[in-house]
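A quick write-up on the structure given underneath.
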Amino acid sequence: MSKNGNILIVEDDIDDKELLEDLIVDLGITNTIIWKPNGAEAFSFLCTTTEPMFIIFSDINMPIMNGLELKRKIDADKELRRKSIPFVFYSTAASKQAVTEAYTELTIQGFFIKGSDYNKTKAVVNTIIQYWKECIHPNT
């Protein structure tokens, strides 16, 4: 992980993707933002890019490959797992089953519900990003 690496947003809803991008920009975060509309495209990108990744924000419910499937594939890929890219679920809904699976079967670093209050959501996103900017990590 590079503190200056890219922020990958995996989100099929354009409005949610644009809101998250706006929040990051409003916070003065200068990391490059990359967007992929589903887990399959995100996985393909992660397998081929040589650019450093700072963090992944992923929705759960997406067509083609959902967020849980994406994280399973990342965890199963020796090279991607070694990169230890922080992975956060950022979703509209969170069933108890999805949250339990995310924390007990996958290596995620957070599960957050998309908020409807802009300032509260901005504060949550800021907390997540600032935490990972300060955290000691295998790839720092």
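Before moving on, here are some points about what is shown:
- Scanning region 11-24 for residues that are under 22 Å from R81 (Cβ atoms) and of a type in the set (K, R) turns up nothing.
- Note on region 28-70: among residues that are modelled with pLDDT under 95 and assigned to a helix (DSSP H, G or I), the one that is surrounded by the fewest Cβ atoms within 10 Å (Cβ to Cβ) is L68.
- The condition of being assigned to a loop (DSSP other than H, G, I, E, B), out of contact with any Asp or Glu (no Cβ under 8 Å at 6 or more places or on another chain) and surrounded by 15 or more Cβ atoms within 10 Å (Cβ to Cβ) holds for only one of A102, A94, A98, that being A94.
- Top-ranked residue in region 110-137 [being assigned to a loop (DSSP other than H, G, I, E, B) and in contact with a helix residue (DSSP H, G or I) (Cβ under 8 Å, 6 or more places away or on another chain); ranked as surrounded by the fewest Cβ atoms within 10 Å (Cβ to Cβ)]: G115
- Each residue in region 52-70 was checked for being over 22 Å from I136 (Cβ atoms) and more than 10 Å from the chain's Cα centre (by Cα), and 10 pass.
- Filter result for D22 (surrounded by 12 or more Cβ atoms within 10 Å (Cβ to Cβ), closer than 21 Å to K133 by Cβ and either without any contact (Cβ under 8 Å) to a residue 12 or more places away in the chain or touching a Pro at 6+ places or on another chain (Cβ under 8 Å) (or both)): yes
- Region 1-14 residues that are closer than 11 Å to W132 by Cα, paired with ones that are at pLDDT below 95 and surrounded by fewer than 17 Cβ atoms within 10 Å (Cβ to Cβ) (beta carbon under 6 Å, 6 or more apart): M1/H137; M1/N139; S2/P52; K3/K133
- Pairs where the first residue, in region 85-104, is modelled with pLDDT under 85 and the second is surrounded by 21 or more Cβ atoms within 10 Å (Cβ to Cβ) and among the basic types (K, R), C-beta under 8 Å, 6+ apart: A102/K71
The values are calculated or read from the model by the stated rules, or taken from the named source; none is laboratory data. Note that the coordinates shown come from a computational prediction; the quantities given were computed from them, not determined experimentally. Counting neighbours? That spans all protein chains shown, and the Cβs are built from the backbone with ideal geometry, glycine included.
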